[in-house]
Amino acid sequence: MQLFIGFDVGGTHVKHGVIDENGKELTADEYDTPGDENAFKEKWEAVVAAYQKEHDVVGIGVSFPGHINHHTGEAAKAGALDYLDGENLCELFSGLTDLPVTIENDANCAALGERWQGAGKDYAHFVCITIGTGIGGGIVMEGDLYRGSHYRAGEFGVLPVGNNGECMHEVASASGLMKACSRALRLSEDEMPHGEELFKRMESDVHLREAIEEWAHFLSRGVYSVISMFDPQVVLIGGGISEQEKIYLLLDKYLQRFEEWEALKVPILPCELGNQAGRLGAVWLAKQKLSRSA
């Protein structure tokens, strides 16, 4: 049984684990994302060395934020890890281990993880929209990633969906929802209820309901645009907020108002793998790379 190390590098935490060739995670852990390049390399190298002492690992997959050239490893932008902007990540990681390393954008990895072990298993054509602090996405066509000519395909967060042209990052993300609800409740963001509590309170608070409804309207514009562009079999929604059932009812309400929705309509489903999706997708790529080189 071949074993791989999967990393999911985020702006706050780096999640990692050992995953077998069938997608079963044998162990998982995380650490705080280091604040500079030297600390990043030291911690990453130490984690790999510790796993190698306990397991016979054959490759490493890394899910990484930003714009990643999958072929060369260059990160034009490294998301919140701006100290790695412009770095060649293949060269960086190859200097830290003798194992083969595969690096891919985090939203793309999440889509591949869902394709391998999650909600995308039964679909060859789908779009994954991740809703968090911002909005990202991955596009799967004929069972594989569509990356675009500049490796930026799936940057759905830049779509203008607000009444004044505001982008999805600003008004349709989870952070956009929290800001809108904070204004509606006249509470600071520290005082705000989270998740399910917000959606419960909207039933009895007209101002909160209006804020959530407007946010869902903005999100529906983005979802409709993505569906009209890529004609997927299904749209998968990721991020913690995707667990709220009312989101799908609200999306359906607003999507039905678009003139061509009946012709374009496809299922909109929550992702299944949570924060495990990124490292599973990264390992799937590492597994593919290893099989091609065999």
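Every residue, every condition in (1) assigned to a loop (DSSP other than H, G, I, E, B); (2) touching a Phe, Trp or Tyr at 6+ places or on another chain (Cβ under 7 Å), yes or no:
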position	(1), (2)
PHE4	no, no
ASP8	no, no
LYS15	no, no
ILE19	no, yes
ASN22	yes, no
ALA28	no, no
GLY35	yes, no
ALA39	no, no
GLU45	no, no
Only one residue in SER173, SER188, SER182 is at pLDDT below 90 and assigned by the TED database to the domain that holds GLU213. Which one? SER188
Matching residues in region 146-159 - criterion: being in contact (Cβ under 8 Å) with a residue 60 or more places away in the chain and open to solvent by less than 90 Å² (accessible area, probe 1.4 Å): ARG147, TYR151, PHE156, LEU159
I'd like the residue in region 110-138 that is assigned to a loop (DSSP other than H, G, I, E, B) and of a type in the set (A, V, I, L, M, F, W, C) and, out of all such residues, is farthest from VAL283 (Cα to Cα). ALA124
Being in the same structural domain as ILE129 (by the TED database) and within 21 Å of MET141 (Cβ to Cβ): is that true of VAL266 here? yes
Do we have GLU210 as open to solvent by 40 Å² or more (accessible area, probe 1.4 Å), in a loop (DSSP other than H, G, I, E, B) and either at pLDDT below 95 or not polar (S, T, N, Q) (or both) here? no
Quick check on region 186-198. Is at least one of its residues open to solvent by less than 30 Å² (accessible area, probe 1.4 Å), under 30 Å from HIS217 (Cβ atoms) and in contact (Cβ under 8 Å) with a residue 24 or more places away in the chain? no
Considering only region 245-286, how many residues are touching a Cys at 6+ places or on another chain (Cβ under 8 Å) and open to solvent by 60 Å² or more (accessible area, probe 1.4 Å)? 0
Working only within region 78-104, note down all residues that are more than 19 Å from the chain's Cα centre (by Cα), among the hydrophobic types (A, V, I, L, M, F, W, C) and not in a helix (DSSP H, G or I). LEU96, LEU99, VAL101
Filter region 22-61 down to residues that are more than 22 Å from the chain's Cα centre (by Cα) and of a type in the set (Asp, Glu) and give me whichever is most open to solvent (accessible area, probe 1.4 Å). GLU54
Mind telling me which of the residues GLU196, GLU114 ends up being under 19 Å from ASN275 (Cα atoms) and modelled with pLDDT under 90? GLU196
Looking at this structure, is GLU104 open to solvent by 40 Å² or more (accessible area, probe 1.4 Å) and charged (D, E, K, R)? no
Does ALA107 qualify as being among the hydrophobic types (A, V, I, L, M, F, W, C), farther than 17 Å from PHE4 by Cβ and not in a helix (DSSP H, G or I)? no
So ASP85 ticks every box in (1) open to solvent by 30 Å² or more (accessible area, probe 1.4 Å); (2) touching a helix residue (DSSP H, G or I) at 6+ places or on another chain (Cβ under 7 Å); (3) over 30 Å from TRP215 (Cα atoms) but one. Which box is left unticked? (2)
Looking only at region 168-207, count every residue that is small (Gly, Ala, Ser) and outside any helix (DSSP H, G or I) and tell me the total. 5
Condition test on PHE230, is it open to solvent by 30 Å² or more (accessible area, probe 1.4 Å) and within 23 Å of CYS109 (Cβ to Cβ)? yes
Being open to solvent by 60 Å² or more (accessible area, probe 1.4 Å) and without any contact (Cβ under 8 Å) to a residue 12 or more places away in the chain, is that true of even one residue in region 10-19? no
Scan region 26-76 for residues that are closer than 23 Å to GLY132 by Cβ, touching a residue at least 24 places away in the same chain (Cβ under 8 Å) and hydroxyl-bearing (Ser, Thr, Tyr) and jot them down. THR33, SER63
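The values are calculated or read from the model by the stated rules, or taken from the named source; none is laboratory data. Keep in mind the model is a prediction, meaning the values are calculated, not measured. Cβ: placed from backbone, ideal geometry, glycine included. Neighbour counts: every protein chain shown. We work out accessible area using only protein heavy atoms, side chains counted, and drop any ligands, DNA or RNA first. Shrake-Rupley method; radii C 1.70, N 1.55, O 1.52, S 1.80 Å.
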